[in-house]
């Protein structure tokens, strides 16, 4: 890739960020749009977690991922610190992968 293309792409990225900032600032005046904007990050994060957890998995791999996800969700629901949630989810997944065949 040439330097010119790299600079053009960087300018486009910053331009899109600026357009999004201006557009969202205008939408924030509307109460309904502002309420939806507050919910978007959680919805997008949930979609990412589900996609990464269930995508291209089969058999025991899917089972271990779901068990880790459920254990982490339960720990988060109990309001444990984030690092503890991560350790519980990863530990559950690792333990099940160790115990289950294949």
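The values are calculated or read from the model by the stated rules, or taken from the named source; none is laboratory data. Nothing here was measured: the structure is a model prediction, and the numbers come from that model. With ideal geometry, Cβ positions are generated from the backbone for all residues, glycine too; neighbour counts draw on all protein chains shown.
Assorted remarks:
- If you check 29, 65 for being at negative phi and not in a helix (DSSP H, G or I), only one passes: 29.
- Subset tally (residues that are surrounded by 13 or more Cβ atoms within 10 Å (Cβ to Cβ) and assigned to a helix (DSSP H, G or I)) for segment 71-92: 15
- Cβ separations smaller than 6 Å between residues 6+ apart or across chains give the following pairs from segment 12-39 residues that are at pLDDT below 85 to residues that are not in a helix (DSSP H, G or I): 34/28.
- One residue from 57, 43 being modelled with pLDDT under 75 and under 30 Å from residue 97 (Cα atoms): 57
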